[in-house]
Structures are given as structure tokens and as C-alpha cells.
Amino acid sequence: MSQSKQEVLLGNEAIARGIVEGGCHVVTSYPGTPSSEILPAVVRFKKELDLGTYVEWSINEKVAYEVALAASYTGKRAAVIMKQVGLNVAADPLMSSAYTGVRGGFVVISCDDPGPHSSQTEQDTRFYALFAKVPALDPSTPREAKEMVKAAFELSERHYLPVILRPTIRVSHARQNIEFIPVAKLQRPADFQKDPGRWAATPRFRFQLHKELNEKLHDIQEEFETSELNTSVPGDDRRLGFIAGGTSYAVLRDTLKELGLEGRFPILKIGTSHPLPQRLVKEFVAACEQVLVLEEPDAVVELQILDKSKLLGRLNGVVPSAGELSPEVIRQLLVQQADELGIEIPAEIDTGELSQLVGDLGLPVRRPRLCPGCMHRAAFFGMKRALGSKAIYPGDIGCYTLGLNLNAVDTCLDMGGAVTIASGLYQAYRQDNRDVPIAATIGDSTFLHSGVPALANAVYNGARFVLVILDNGTTAMTGMQPTADSGMLADGGQGQRVAIRDLVQACGVKFIEEMDPYRVQEFEALIKRARQHTRESDGGVAVVIAKRPCVLFDPSPLEENPVLVAISEDCDGCQYCLLAFECPALVLDEDLGRVVVDRRICVNCGVCVEACPKGCIVEAEE
Amino acid sequence: MRLVQRGASLKPKSELDTKLILAGVGGQGVLFATKVFSETALTLGHDVLGSETHGMSQRGGSVISHLKIGSYESPLVRHATADVVLAFDQHEAYRTLVFLRRGGLCLVNGPDGDSWDRGVKAYMAENAIAAHVYPADDVALEIGSPRSANLALIGYAMSVPEMPFDHDQIRATIERITPSRFQDANLEAFDTGYRRQR
């Protein structure tokens, strides 16, 4: 190891370091696991190095993409960061900007989530690279991700095209010691050169741009044939070879070593997963009897390989077609291949027996739950008490998706989906002259992301439902990024506040009320009034803004006014509170046969006093 | 107060090649504990690579942190290959035992006494897995800093001769990376654990 400055960085921080070392001028993002830590780390390096980098948390991914793209139009280097499903939102500008091309280096960082761990799909960002006809780079480790960011800027500037960098969650959330190298300072005064045939191209020009794009892609493929981003590991046993990229390559290398097979089989590591260096791959495949293709989460490289006769992969069912290629899965694949080749693998502990034993213990499943004191729990509890279980509860993306555990979330489609699904449900029942209570929930950041057009649409088309905007003042699930409603900027500065209430009003909503959901009884009454508004002759959408800061983001209101609770001895252990309220600080003591408060995690919010229908949760005497 | 000469651990320190699993529940300080070991390894000039849990799975669910020290490509520890499992909760210990190799070391925060399931205990004996249980929660509560249970368990771990890493180096890292307002509590918890007080 060299003597220069090193630090153990999260993969996302390493990517941020690559952005900064690459001299990037403009960085935009919308948070989403596993991408959220990149922009804050850019802010960190910007401050440490006193750089003039422009950073912003944008309202959504499409907006983020376009703001960064415009900077590239002026010749500056720009990067836009999002999670894989965010690229669905930004797909429109991605497709179009592939045609128009870019000027300053433009890198699209889209983090995939094989598993999935924290996403609604396991989609593969690299398919977007094929779809839009732009190059995609696929790092295997944080260290490589940092280097690839810089390679991506250079590639983008050589060919005037957006370049996708696609880390998976095991790169983004890995930690590795990373070497810091000096930051490139690129003088790029903004200089937008008018070229309507490109930047404002009409369909006739678009045909020309498409031909130009095809030529660029051809040139890039030629470049990738000899690129250092693709490497090979020699091996003499050519009965089996591996083509691998991303995390799968890293896991393959470690697992081969652990099984005593290091150096035995040849490996081709593909760092440029689109366009595929066809000659390089063809030569490699020709030299092997069979080739196992390992990549995540989908068969993007495998699909591009023209002659598949020697391939073992997802397409012929050798590799599982869903879920992560974990070290265990890859070991299983290797053991299977070794067995067929008559190679002996050293024995390991048989963990199957242990899994059986542990399974039989019936350990409680620790499913994700809302935190003690979370305002979402109070809001859901009040909503359920007001409208009951016959109502339909469309939900959305955020911590509050966990309202699922309280039976207060019936649908979760995508960002903003609560409002549109509520509208569609209303119209479907309305057609049959049926009045079913519908109460949708959406978080503050999600509402700003894509709830606003959905709400305008609902009002315009006469939909009627209750919309509860859960405003906890921050983007909590992804790590407390500021929202436009807070007015706080990405680098901590103060921007212009865009108030949610004003937006709701501007959408034409007539019923808008704001309340702290900790006041459960009043909140319940408010939800009932909101429901009533949806049934009145001149009624419509009723919006309730449930407002209270996230307890992790700002615990100060709780510290100022703590409510100590106790469980009376009358508690008969019915567990109603555990099921309907599900606070992690309320636990069943099986020896006592009743519920007790776990003082280690209770935050003294006092809301659970409402959660026992028998009145056994009480405010404690001081 | 040194009980045994450390450094004579699983591997010679000059080529520290270790795979650890740290497991617990959100809020128990699993990530901080991971940082203690990774920062120590970095100070000693080793490469470190690890993986941790974020996002939806972080909200009150199980948190498992993987840490590999030495020459590795992938941040994930495979089942049956870990040298050490450090579990801040007995249930999480059961869930993560599957990571331990033959002859591995298991350190668990749990109540005193022999509370292991009989079948699991037999499995550990059969595979030469050494299990140590220490009531870090109670210890941390007694010294008045319930949130430092993770440090009490690390302190205890450093008193186990087979544990890789050196006591003084780990303690120095804790001193260096703990925010000043938790410094006294963390070091007291670590020292109490190291002295195996209960």
C-alpha cells in the first residue's frame, strides 16, 4: 500500500470522491437507497477542499437529470445521481439526451438493488443503456467505482454522450480503504453555443442524430475492445471459463480462492457492460469449452453475446433468475460445475443442519417497524380509528410504507402512486355509484417528488378521497435529506421555501387542515371531517397535513415535553396494542403475562395511552 | 492488567487475514463497532473491505455487518467462512452462527449462564466453535451508560486470547473515533468488559 492519504469510505463516498477528483462542476440528485450517500459526500469534499461545486437535492430524478444535463450543454462536467427506479422517472430525458448528445462530461450514476433490499423492483439499470444506446460501466468494488467515475467523464467527453455508471448495492454500501488523489481543477466557463439542429432538434433532425448516435456507439465498442476497464485472469483449465462483472466478479474471485480454485480457470471481467466488446468476448469464449456468465441483477451481458452455444447462465436456467448472486449462491454454482468436471472441493461445515436447528427455535422475525415515537404511527392509528378496516388505504414510498404492519397501507406502487391510485379507485367505484372511504398517505418529500401533478389531476377530474400528507419535515428513510418545504439546501445553506400547504391550495383543494397527529382524538375527529367533506355535494379531495418532526431528525419537541407512561396491573396481555399500534417499546413479558414498556428505547411520546382500549396504558405519576 | 499476550491470535499479525461478522438490532451500535475494527486494521496498514445495512432494512430490523481484513475483492463474508461472530443480541447470534467456520469464535451479549439451545450447542462442539457469552447489557446498565453495551462486549472480546487484534490498538482506536461527549462512557464500558467484570 502506498503512503498517500487513505480513508475507509463507503462505496458511495468513494464515488463522490471520484466525482470531485474528476473535476465535476455540477452535481444533482434525488435520494434513494442505495444511492443516497453520494451527494452528501460530495458536499463534504467540496467543503474540505473549498471547491465551487454546485450541488442540489432536486425535486425528483427527471428534474435532477435535466438540471445537470444543462450544465453539460455549457461545457461543464456534470453528474446526476439516483437509484435504479429513479431512472424510470428520468427515462424521458435519458432517451432524448442520447440523441442530442452532450458537451461537458456527463455521468448518470444509477445504483441497482439486487435482492431487492430497499426497492420495489430488481430492475437492471444496464437495460436502460441498451434502450437509450449509451455506454454503461459496471464497477466491482468501491475503489474501482471511484476510478470508473473519472473514466466515465473522459469517455463522455470523447464521444459527446451521457455515460451510465451502474454500481450495485454491494458496491454502494461496501466499505473499503480508499486512496485520495488530488482534485482536478478544470476551468470551464459556462458557454452555451446555440445549435438548434441539435439542442432543439425536430423529428427530421432527430433521424440524423440517431444515425450519429449509432456511429458513436460503434466507435465506443471499438474502444472497449482494448479498454483497461475490461481485464482477464489467466487459467489453464479451459474446460470452464467465467465472464463476470460488478459484484458477481468480486464474489467469484473470493469464492474461487476459498475453494482452492484460484488461478485454475480463465476469467474475463467485463467492466464495460454496454456496448459489449464483441471480439474480446468471442475470442475468450472460443478458447473455453463452456463459459459461466455471472452478473447482476439481470442477463444484460449474456443477452448481448451473439453465440450462446457454450454459455451457462440465466437464459438456460443454470443461474437463478431472481435474487442476489450471494457468495452462497455462487459457491453452489461452482461446486456444481466442479462436480461435473470431477474436481474435488475441500469440505466445509454443513450449515444446513444448523439452519434447521435455528429454524426450529422459532425466533421472532424482526421485520422493519416504525421507530418508537414515530408520528406516522400516531397518524395511521387515528386514521384507522376514524375510518375502520373497510376503507381503502393507498400508500406510498418512504418509512410510512411500514403502515403496512398496521393494516393502514393497502397499496404501494411507486413514488406518488398513493394519490393516483386513490383517484383511480374513486373513479372505478363512482362508476358503479358506490361510495367507499378512501384515505391515501404520502410523505412530504414524496408529495413534492410526484404527488403535486397527481393531486392537480385528482381535483381537475372531480375525484373524492382523503389525502393525508405525512409531513415529518425531512426525507427520513434515506437519511434525512432536506425537502423543498424545509427550504434547506444540499450544502446546508438556506434556500427559498416551497410550502406544501401552498401547493395543495394551488391544486384547487378546498379542504386543507394541518394537525399534529400525536393529538390522536382530535386527529381522528379531523379525519372524520375530511371524510365528510368528500361526501358533501360541493366536496372533493380533502387534504390533511399531519405535521410533526421525525423523532430521529429532531427529537427536541419530545425532550421538552416528555410523557412517561406505565402499564397498569389490569393489563390482561390481550396484545391489541402490539398488533394495532406496534411500537417497538411495547413488549409482551411472557412471564408476567402482560405488556411492559422497554425503557431503553421508549422516547416518552405518550401516544400509546390511546392504544389500549381497556385503558391500561396510563400516564405515570412522577 | 493484561491477562494474556495478544497478537498471538488466529493469524500472525503481520498478515492479519480475518473475516468478522458483527450482528445486532438497529440502534445497538453495530456500525460503530465495525468502525472500531476497520479503523484499527487500516492504522496497521491492512486493506479492509466490508458491507453494511441501510434503508428500509435499517428500521428496527436485524443489522448484519461484514468485515474482511486482508486481500479480498468482495465485501461479503460467505457462510461457514467467518473467523469471528460478534453478536450484540442472542437471537442475532443464532441467526449469524451460520457464518462461522470450523474452529471459529463466537462472542455474544447475553444473560449469564448456559442458555444455548442444546442442538446448537452440540453443533458448535462438533465444529470446534468456541462460544463466549457476556452480559454486556447488564454491565453497561450498571455503569450508567446503557448505550455503551457494544463497547463492553468489544472489551470482553479483547480479553479472549483467540481474538485477533491487540487490546491496546483497539482501545486507542475507540479513544480516537468516539465523539468526546461519549468518550468516558465508552472507555469505561470497554475497560469493564476487558476486566470481565459483571
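The values are calculated or read from the model by the stated rules, or taken from the named source; none is laboratory data. Just so it is clear, the structure is predicted and the values come from calculations on it, not from any experiment. Using ideal geometry, Cβ is built from the backbone for each residue, glycine included, and neighbour counts are taken over all protein chains shown.
Tell me, yes or no, whether segment A:408-418 has at least one residue that is within 12 Å of chain B (Cβ to nearest Cβ) and either buried (at least 18 other Cβ atoms within 10 Å of the Cβ) or at pLDDT 95 or above (or both).
Of the residues in segment A:408-418, the ones within 12 Å of chain B (Cβ to nearest Cβ) are A:412.
Add one more test, that the residue is either buried (at least 18 other Cβ atoms within 10 Å of the Cβ) or at pLDDT 95 or above (or both), and what stays is A:412.
Within segment A:408-418 (the criterion being within 12 Å of chain B (Cβ to nearest Cβ) and either buried (at least 18 other Cβ atoms within 10 Å of the Cβ) or at pLDDT 95 or above (or both)), the answer is yes, since at least one residue qualifies.
Which of the residues spanning segment A:599-622 are assigned to a loop (DSSP other than H, G, I, E, B) and closer than 17 Å to A:Ser568 by Cβ?
Scanning segment A:599-622 gives A:Arg599, A:Cys602, A:Gly606, A:Cys612, A:Pro613, A:Lys614, A:Gly615, A:Cys616, A:Ala620, A:Glu621, A:Glu622.
Give me the strands (runs of 3 or more DSSP E) completely within segment A:238-343, filtered to those with at least 3 residues that are away from chain B (no Cβ under 14 Å) and closer than 20 Å to A:Asp113 by Cα, ordered by residue number. Lay out the reasoning, then the answer.
On the way: elements: A:241-244, A:267-269, A:272-274, A:291-294.
Passing ranges, in order: A:272-274.
For segment A:182-208, which residues satisfy the criterion of being loosely packed, with under 15 Cβ neighbours inside 10 Å, closer than 26 Å to A:Ser36 by Cα and not basic (Lys, Arg)?
A:Pro182, A:Ala184
Checking B:Asp117 against (1) within 9 Å of chain A (Cβ to nearest Cβ); (2) surrounded by fewer than 20 Cβ atoms within 10 Å (Cβ to Cβ); (3) touching a residue at least 60 places away in the same chain (Cβ under 8 Å), which single condition isn't satisfied?
(3)
Exactly one of these conditions fails for B:Phe99: (1) at the interface with another protein chain (Cβ under 10 Å from one of its Cβ atoms); (2) touching a residue at least 60 places away in the same chain (Cβ under 8 Å); (3) surrounded by fewer than 24 Cβ atoms within 10 Å (Cβ to Cβ); (4) closer than 23 Å to A:Asp254 by Cβ. Give me its number.
(3)
Of the residues that sit in segment A:242-257 and are of a type outside the set (A, V, I, L, M, F, W, C) and in contact (Cβ under 8 Å) with a residue 40 or more places away in the chain, which one is farthest from B:Val77 (Cα to Cα)?
Within segment A:242-257, the match that is farthest from B:Val77 (Cα to Cα) is A:Gly245.
Please indicate, with yes or no, whether at least one residue in segment A:437-447 is more than 26 Å from A:Lys83 (Cα to Cα), in a loop (DSSP other than H, G, I, E, B) and either in contact with a Gly (Cβ under 9 Å, 6 or more places away or on another chain) or of a type in the set (Val, Ile, Thr) (or both). If you could, list the steps in order and put the result at the bottom.
Of all residues in segment A:437-447, those more than 26 Å from A:Lys83 (Cα to Cα) come to A:437-439.
Of the ones still in play, those that are also in a loop (DSSP other than H, G, I, E, B) are A:437.
Okay, now just the ones that are also either in contact with a Gly (Cβ under 9 Å, 6 or more places away or on another chain) or of a type in the set (Val, Ile, Thr) (or both), so A:437.
Checked segment A:437-447: at least one residue is more than 26 Å from A:Lys83 (Cα to Cα), in a loop (DSSP other than H, G, I, E, B) and either in contact with a Gly (Cβ under 9 Å, 6 or more places away or on another chain) or of a type in the set (Val, Ile, Thr) (or both).
Looking at segment A:141-166 only, could you name the residues that are over 16 Å from A:Ala16 (Cα atoms) and either touching a Lys or Arg at 6+ places or on another chain (Cβ under 6 Å) or among the small types (Gly, Ala, Ser) (or both)?
Scanning segment A:141-166 gives A:Ser156, A:His159, A:Leu161.
Given B:Asp83, B:Asp17, which one is touching a Gly at 6+ places or on another chain (Cβ under 6 Å), buried (at least 20 other Cβ atoms within 10 Å of the Cβ), at negative phi and not hydroxyl-bearing (Ser, Thr, Tyr)?
Only one candidate qualifies: B:Asp83.
Scan segment A:227-238 for residues that are out of contact with any strand residue (DSSP E or B) (no Cβ under 8 Å at 6 or more places or on another chain) and touching a residue at least 24 places away in the same chain (Cβ under 8 Å) and jot them down. Show your work before the answer.
Of the residues in segment A:227-238, the ones out of contact with any strand residue (DSSP E or B) (no Cβ under 8 Å at 6 or more places or on another chain) are A:228, A:234, A:236-238.
Within segment A:227-238, A:Pro234, A:Asp236, A:Asp237, A:Arg238 qualify.
Kindly indicate the residue of segment A:313-341 that is touching a helix residue (DSSP H, G or I) at 6+ places or on another chain (Cβ under 8 Å) and without any contact (Cβ under 8 Å) to a residue 40 or more places away in the chain and also farthest from A:Leu130 (Cα to Cα) among those meeting that condition.
A:Val318
This table checks each residue for (1) more than 18 Å from A:His218 (Cα to Cα); (2) small (Gly, Ala, Ser); (3) at pLDDT below 95.
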{"position": "A:Gly105", "(1), (2), (3)": "yes, yes, no"}
{"position": "A:Ser119", "(1), (2), (3)": "yes, yes, yes"}
{"position": "A:Phe131", "(1), (2), (3)": "no, no, no"}
{"position": "A:Asp138", "(1), (2), (3)": "yes, no, no"}
{"position": "A:Thr141", "(1), (2), (3)": "yes, no, no"}
{"position": "A:Glu144", "(1), (2), (3)": "yes, no, no"}
